[in-house]
Amino acid sequence: MLVLGLASSHAPAMLLPVEHWPAAYRMVAGDVPQPRTADAETPQTNAVARQRIDAGFTALREALAAARPDVLVIVGDDQEEVFGPAFNPTLAVFCGAEVSGSTLPRFRDRPGLDQRVQLKCAGELGAHVAAELTRRGFDPAVMTELRPLSRPEGIGHAFTRPAHVLGVAEAGIPVVPIFLNAYHDPLPSARRCYDLGAALREIAEGRPERIAILGSGGLSHDPLGPRAGWIDQRLDTWVLSRIAEGRGEELTRLFEFDSDTLRGGSGEIRSWITVAGAFPGLPAQVVDYLPLHHAVTGLGFACWQPGR
């Protein structure tokens, strides 16, 4: 049974104290000239943004607790953390017993910032999901062990950051990590991602567990890329309006054409499309949206609650 849908950005600034934002901003934006709107972000406005981010995560955490899921399916991307040039699947399902990883490995030299996250996994359900996706015409890679090919930290931040902030391990909720390629050509179409969500809904409805699904990533951003620090608010608000109105299928129009805006981290919107596909016609609650240059990302929070 599918009981809840969540979607959230996972930019590093969302986990960092506000005093570390300028350094993180410089690290990710690099030498890219920044838009004039970035000048409006001051220590005072950043403090307000920090409060809004905390409130957004609190709203998702409360929704997760109220839904009482037995399992949380996390759909996220991999940025050469587990995979890499030797092997980079479009879609992969983890079917093992547990995974672990770091939240902010680039800040490991600053005490207290990087956290190690250990997550129990619902391996049997993961294997069932992989088998049922295959039966429906998808071709997921199946993983029963986590052996990173690129970095030693373990599973990537698309999984560790939201799981850490939402208190998934503390709540004792096992997870099923689903890796969805968002960066490396060839990339899945928006239609394929929406159909993936529909397939996950069908699979969940045939199971006895109470299942929640979380889409991790996005919205518009281009970390370390030629548009680092630039945010496409028009794109973000269009995406959020589609899900708020229960018109998620219109998101399948994305990625049908090449665009500088849709390259880079904006490809993570695919995770949001997947969750929208799992709740067709159901309006989502858009908890908040912050086009925050210090996070080099259009930050969003959304929640689908079928019981309401």
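Every number here is computed from the coordinates shown, using simple stated rules; none is lab data. Computed from a predicted model, the values in this text were never measured in an experiment. All Cβ positions, even for glycine, are placed from backbone atoms using ideal geometry, and neighbour counts span all protein chains on display.
If Lys and Arg each add +1 and Asp and Glu each add -1, what is the summed charge of the other residues whose beta carbon sits under 10 Å from the beta carbon of Ser102? Spelling it out: positives minus negatives among the neighbours equals +2.
Amide H contacts for Val3 (H built 1.01 Å from N in the peptide plane; partners 5 or more residues away or on another chain; cut-off under 5 Å): Ile211, Ala212.
Across the stretch 29-35, computed HN-Hα scalar couplings (Karplus, 6.51 cos²θ - 1.76 cosθ + 1.60, θ = phi - 60°) run 7, x, 9, 5, x, 9, x Hz from first to last residue, x flagging Gly and Pro. With R₀ fixed at 22 Å, the C-beta to C-beta distance from Ala171 to Gln285 puts the FRET efficiency at about 0.60.
A simple rule links phi to the HN-Hα coupling: the Karplus curve 6.51 cos²θ - 1.76 cosθ + 1.60 with θ = phi - 60°, which for the stretch 105-114 gives x, 6, 10, 5, 7, 10, x, x, 8, 7 Hz, with x for Gly and Pro. Centroid-to-centroid, using Cα positions, the stretch 182-217 and the stretch 101-143 are 14 Å apart. Among rounded, prolate and oblate, which fits the stretch 232-308 when a ≥ b ≥ c are the square roots of the eigenvalues of its C-alpha gyration tensor, a/c under 1.5 means rounded, and a/b larger than b/c means prolate? Oblate, because a/c is 1.5 or more while a/b does not exceed b/c.
A simple spin-label model places the labels of Ser259 and Val48 2.8 nm from each other, with each point 7 Å out along Cα-to-Cβ. Counting only Cα atoms, the size of the stretch 58-179 along its three principal axes is 45, 39, 21 Å, in decreasing order.
Normalising the average separation of contacting C-alpha pairs (under 8 angstrom, six or more residues apart) by the number of residues puts the relative contact order of the stretch 2-304 at 31 percent.
Given R₀ = 41 Å, FRET efficiency for Ala65-Gln34 by Cβ-Cβ distance, to 0.05? Using R0 = 41 Å, I get an efficiency of 0.60.
Of the GluC sites (Glu not before Pro) found in the stretch 239-308, those that fall in a DSSP loop while having at most 14 other beta-carbon atoms within 10 Å are Glu245, Glu256.
When each of the peptides 129-135, 184-190, 159-165 is scored by how many other beta carbons lie within 10 Å of its residues on average, the order from highest to lowest is 159-165, 129-135, 184-190.
Assign one of three labels to the stretch 166-308, namely rounded, prolate or oblate, based on the Cα gyration tensor with a ≥ b ≥ c the square roots of its eigenvalues; rounded applies when a/c is under 1.5, prolate when it is not and a/b is larger than b/c, and oblate otherwise. Intermediate results must be reported in sequence, preceding the final value.
Details: a/c = 1.59, a/b = 1.47, b/c = 1.08.
In terms of gyration-tensor shape, prolate.
With the cut-off at 35 Å, report for the chain the share of all Cα pairs above it, as a whole percent. Show your work: numbers first, answer last.
On the way: 5202 of 47278 pairs.
In whole percent, the long-distance tail amounts to 11.
Label separation (Arg247 vs Asp109): 4.9 nm, computed from points 7 Å beyond Cα along the C-beta direction.
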